[in-house]
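Here's the structure, in structure tokens; my notes come after.
Read the figures in this text as sums done on the coordinates, not as results from a lab. Bear in mind that the values here come from a model prediction, so they are computed numbers and not experimental data. All Cβ positions, even for glycine, are placed from backbone atoms using ideal geometry, and neighbour counts span all protein chains on display.
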Amino acid sequence: MKILLATDGSKFSAAAVEACKKYIESGMATEVAIVSVYEAQIPIVAEPMAMSSDCYQKLNEFARNRTSDVAKKAREILSDVRSECQVKITIETEMENPESFIPRFAKDWGADLIIVGSHGRGFLGRLALGSVSDSVVHSAPCSVLVVRNK
């Protein structure tokens, strides 16, 4: 089974990593692609205080490095899992909207399952802040496991 693990390094994503570990331990996973996505930091037209383009470049560099570190940490955790089967683990980091990138990557890669964490926001929280997991559930080309913290 090819599993796409989407992570952003939050405690909610840590629960998704734990769920992925169980698939590896059981021998069900043959490949895992760890996907960590960040969005570009761009100037807002109506910003009260203007920031230099250099500042936005540094913010994007910080986001790229953090995203890469998050994916590497997840790979380290999953690489330590004992399994009867050899599991290939790869990393994909990208600067894009996670709600569109994750389902597209899953389709192109041929994922059988996507595992994502959930912040557990209610209707109003999703309405105000959006929900990556909700969007992925509705646009994924395969099954999606949404994991919540206990």
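Once label points are set 7 Å from the Cα along Cα→Cβ at both ASN97 and ARG66, what is their separation, rounded to one decimal in nm?
2.1 nm
Excluding residues on the same chain fewer than 8 positions from LYS11, give the lysines whose Cα lies under 21 Å from its Cα.
LYS21, LYS22, LYS72, LYS73, LYS150
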